[in-house]
Amino acid sequence: MIKKIQSRHWPAILLVAVILILAVVVVLNFQARTPAPEQADDKVAADLTLGSFEYTETRKGQKQWTIVADSAGYHKDQGRTRIVNPRVTFFNEEGESGNIFLSALHGEINTETRELEVWDDVRVESASGYTLTGERLLYDDARRLITSEEPVRILFDGFDVAGRGLRLNIDSRVLEIPQDVEAHIDGRLMERKTE
């Protein structure tokens, strides 16, 4: 026999129902915010993480380049260290600051080849005053060469040069933009298109 629910029990029943509904909403919301393993943050999935990171590459006792970053995550199986907000200083052949500085929002160091790839809001600045911007650059330590296949732009003392691709030799300071070059010199347009 089913008993009638008395009016004094309704507040308790409503309270239990509200608690159950809130519990379901919280559980569903938590599951929606938990990233799938392949989408998880690189820092979380790394074998070793650091809150701040500084690394100096040397050759025969001479500094080649120094990188400072806000955080780093080493991935042993990939042989790579992913870095956040890298800032790089390149040194000349005597190990003195070569007056070339690179910054970006993200980067990755191949720990075997010592190649550095950076992307998102990339800037290369020199003490002589030029600023190079792009979205993705690769530094090959063995050849001391910064390269890109992406669009780049250089600003320097009245010059505004844009194009696709880049080769910048750290030691000789020779810079090449091989494709779709467009230059504005003191506001006048000069262009060279290549295919």
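The values are calculated or read from the model by the stated rules, or taken from the named source; none is laboratory data. Since the structure is predicted, the reported quantities are computational estimates derived from the model, not experimental observations. With ideal geometry, Cβ positions are generated from the backbone for all residues, glycine too; neighbour counts draw on all protein chains shown. Ligands, DNA and RNA are excluded from the accessible area calculation, which covers all protein heavy atoms including side chains. Shrake-Rupley method; radii C 1.70, N 1.55, O 1.52, S 1.80 Å.
Selection of the range 111-134 for residues being over 19 Å from GLU150 (Cα atoms) and surrounded by 16 or more Cβ atoms within 10 Å (Cβ to Cβ) yields ARG114, SER126. Of all the listed residues (GLU57, GLU96), the sole one being among the charged types (D, E, K, R), touching a Phe, Trp or Tyr at 6+ places or on another chain (Cβ under 6 Å) and closer than 26 Å to VAL174 by Cα is GLU57. Sub-9 Å Cβ pairs linking a first residue in the range 61-78 that is under 13 Å from GLY51 (Cβ atoms) to a second residue that is surrounded by 19 or more Cβ atoms within 10 Å (Cβ to Cβ) and among the aromatic types (Phe, Trp, Tyr), at least 6 apart or interchain, are VAL68/PHE53; ALA69/PHE53; ASP70/PHE53; SER71/PHE53; ALA72/PHE53, ordered by first then second residue. The selection criterion, being crowded, with 17+ Cβ neighbours inside 10 Å and among the hydrophobic types (A, V, I, L, M, F, W, C), does not hold for LEU155.
For the range 76-99, state whether one or more residues are loosely packed, with under 15 Cβ neighbours inside 10 Å and basic (Lys, Arg). Among the residues of the range 76-99, at least one is loosely packed, with under 15 Cβ neighbours inside 10 Å and basic (Lys, Arg), which makes the answer yes. Cβ-Cβ under 7 Å, sequence separation 6+ or interchain: first residue in the range 114-129 and charged (D, E, K, R), partner part of a loop (DSSP other than H, G, I, E, B). Which pairs? That search, which allows pairs on different chains as well, returns ARG114/ASP141; GLU115/ASP141; ASP120/ALA104; ASP120/LEU105; ASP121/ALA104; ASP121/LEU105.
Being open to solvent by less than 90 Å² (accessible area, probe 1.4 Å) and in contact with a strand residue (DSSP E or B) (Cβ under 8 Å, 6 or more places away or on another chain) is the filter; apply it to the range 22-51 and report the residue that is modelled with the lowest pLDDT.
Pass one, the range 22-51, residues open to solvent by less than 90 Å² (accessible area, probe 1.4 Å): 23-25, 27, 29, 32, 34-36, 40-42, 45-46, 49-51.
Imposing the further condition that a residue be in contact with a strand residue (DSSP E or B) (Cβ under 8 Å, 6 or more places away or on another chain) reduces the set to 42, 45-46, 49-51.
Values: ASP42: 42, ALA45: 67, ALA46: 74, THR49: 78, LEU50: 77, GLY51: 83.
Per the stated criteria, the residue is ASP42.
Looking at the structure I just gave you, is ASP180 open to solvent by 50 Å² or more (accessible area, probe 1.4 Å), at pLDDT 90 or above and at positive phi?
Values: open to solvent by 50 Å² or more (accessible area, probe 1.4 Å): yes; at pLDDT 90 or above: yes; at positive phi: yes.
Yes; evaluated as a whole, the condition is true for this residue.
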